[in-house]
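Down below is the structure, laid out as structure tokens.
What follows is calculated from the coordinates using simple rules that are stated; it is not laboratory data. Quick caveat: nothing in here was measured; it's all calculated off a predicted structure. Don't worry about glycine lacking a Cβ; one is built from the backbone with ideal geometry, like all the others, and counts go over all protein chains shown.
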Amino acid sequence: MKEYHVSSYVFPGVYQDKPLSDMSSTATLKRMGRNDLTAHGFRSTFRDWASETTAYPQEVCEMAIS
């Protein structure tokens, strides 16, 4: 299969080589009417998932989040 590469970021931003803004997540949640959630909650959810369902070292999981 041919490699497909758009960005080094999982969530690329509008500008080349820039990550998606943290405010983008906040604005999306607000438009969805989900005032009970925060963008930080996604980080926490990913961290819990990585710890509970993968065998990657803690340091690798933290690097993936950053």
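Values for this structure:
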{"item": "Those trypsin sites (Lys or Arg not before Pro) in the chain that DSSP places in a loop and that have at most 16 other beta carbons within 10 Å", "result": "Lys2, Arg34"}
{"item": "Rg/Rh ratio calculated on Cα atoms of the chain (Kirkwood radius)", "result": "1.03"}
{"item": "The chain - percent relative contact order, Cα under 8 Å, separation 6 or more", "result": "16 percent"}
{"item": "Nonlocal amide H pairs with Gly13, under 5 Å, H built at 1.01 Å", "result": "Lys18, Leu20"}
